[in-house]
1. Does ASN150 satisfy being more than 24 Å from PHE169 (Cα to Cα) and touching a Lys or Arg at 6+ places or on another chain (Cβ under 8 Å)?
2. Could you check the stretch 82-116 and list, in sequence order, the residues that are among the small types (Gly, Ala, Ser) and touching a Lys or Arg at 6+ places or on another chain (Cβ under 9 Å)?
3. Please tell me if ALA251 is out of contact with any helix residue (DSSP H, G or I) (no Cβ under 8 Å at 6 or more places or on another chain), under 17 Å from TYR227 (Cα atoms) and part of a helix (DSSP H, G or I).
4. Could you say which residue among GLU217, GLU221 is in contact with a strand residue (DSSP E or B) (Cβ under 6 Å, 6 or more places away or on another chain) and crowded, with 23+ Cβ neighbours inside 10 Å?
5. Looking at the stretch 106-118, which of its residues are under 22 Å from PRO146 (Cα atoms) and not acidic (Asp, Glu)?
6. Out of the residues in the stretch 264-286 that are polar (S, T, N, Q) and surrounded by 14 or more Cβ atoms within 10 Å (Cβ to Cβ), state the one that is farthest from the chain's Cα centre (by Cα).
7. Those residues that are part of a loop (DSSP other than H, G, I, E, B) and in contact with an Asp or Glu (Cβ under 8 Å, 6 or more places away or on another chain), I need them from the stretch 193-217; list them, please.
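Bear in mind that the values in this text are calculations on the coordinates, not laboratory data. Everything numeric in this text was worked out from a predicted model, so none of it was measured. Reconstructed Cβ throughout: ideal geometry from the backbone, glycine too, with neighbour counts over all protein chains shown.
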Amino acid sequence: MRQQHSRGSVGQAGAAAGLRMRGCYPRPASLRSRATWAGVALAGVVLAGVVLAGCTTTTTTTGAQASAPPKANNQDAASINVQLGLDYLQKNELALAQTKLTRALKQDSHSANVHGALGLLDERLGDAKGADREYRRALVLSQHAPLWLNDYAIYLCSHGRQAEGVRYFEEAAANPLYTTPWEAYTNAGVCLRGEHQNAAAMQRFTRALQLNPAFAEAVFEAASLQYAEQYQVEARQRIDAFLKNNRPTPALLLLGWQIARAQSDAVGQQRYALLLARDFPGSPQAQALELASRGGSG
């Protein structure tokens with residue numbers, strides 16, 4: 001709930017959830033809060049005309065055949081302007097983003113990508129009604145494609161409409177075109193946890209891990225929730241079981257360190273700290289741990 005999106009917090013601090021939709025183009029890896037969700041969506045609203053062209057087979061034509069029809073030219077131009085608009089959104093250059101996306105709308109008003117990008121822009125401009133309208137339009141035009149189900153669900157969960165958001169996440173997870181449904185379930189759990197519906201949230205994290213036990217974001221979310229509910233042993237067991245067979249993430253290592261500290265386990269603290277310093281020396285988590293070790297908050 002990508003991306004997605006550097007849009008304010010949806011769940012607890014440090015929440016992590018994934019919004020990837022795989023196809024011909026890569027999707028972003030993870031979402032940690034509404035703030036990161038915005039970044040995910042910006043990266044994820046990828047352009048059908050520009051990027052997906054790399055997934056198709058092209059042939060060489062000559063003469064009249066080589067001239068693309070005006071409609072195709074407009075669609076390609078709209079795709080380019082969407083990409084430019086999203087780039088400006090990422091840089092927080094909202095006026096330039098608006099210029100590019102308005103131009104894209106004129107070029108291809110029936111593009112789900114264009115309307116989804118306009119939804120992101122409207123959110124950044126504080127126009128909640130406009131954002132809702134544009135996301136819904138993207139859903140209709142894409143026939144409820146999982147990408148837009150996820151992006152709209154993120155929007156809903158950050159605007160006090162958690163029940164709707166969870167419903168859309170679960171619709172995305174049930175869609176056979178969505179190849180990573182565990183990410184949608186994790187996002188649904190983050191949304192529910194933000195409403196303090198912890199039992200329902202844990203059900204979604206568990207479902208995500210049933211589908212993909214190696215999904216680090218779901219492991220983090222489940223362990224974080226267990227830790228918050230004082231199930232320190234279970235939370236740490238979950239983290240350590242994951243670390244035995246999977247690459248660590250800085251968020252998991254910092255959480256493991258926090259749990260070990262709560263358990264007064266100096267050896268465990270040192271182990272997590274060494275892994276974090278070795279594998280992710282420049283990460284925000286490593287910096288937070290260094291601050292905590294020097295007596296700051298952590």
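1. So ASN150 fails the test.
2. GLY85, ALA97, ALA112, GLY116
3. Numbers: out of contact with any helix residue (DSSP H, G or I) (no Cβ under 8 Å at 6 or more places or on another chain): no; under 17 Å from TYR227 (Cα atoms): yes; part of a helix (DSSP H, G or I): yes.
Against the criterion (out of contact with any helix residue (DSSP H, G or I) (no Cβ under 8 Å at 6 or more places or on another chain), under 17 Å from TYR227 (Cα atoms) and part of a helix (DSSP H, G or I)), ALA251 does not qualify.
4. Among GLU217, GLU221, only GLU217 is in contact with a strand residue (DSSP E or B) (Cβ under 6 Å, 6 or more places away or on another chain) and crowded, with 23+ Cβ neighbours inside 10 Å.
5. Selection gives SER109, HIS110, SER111, ALA112, ASN113, VAL114, HIS115, GLY116, ALA117, LEU118.
6. Keep residues of the stretch 264-286 that are polar (S, T, N, Q), which gives 264, 269-270, 283, 285.
If we keep only those that are surrounded by 14 or more Cβ atoms within 10 Å (Cβ to Cβ) as well, we get 269, 283, 285.
On the way: GLN269: 30, SER283: 19, GLN285: 19 Å.
Checking each candidate, the answer is GLN269.
7. Residues of the stretch 193-217 that are part of a loop (DSSP other than H, G, I, E, B), as a first pass: 195-197, 212-215.
Once the filter is applied, which keeps residues that are part of a loop (DSSP other than H, G, I, E, B) and in contact with an Asp or Glu (Cβ under 8 Å, 6 or more places away or on another chain), the stretch 193-217 yields only PHE215.
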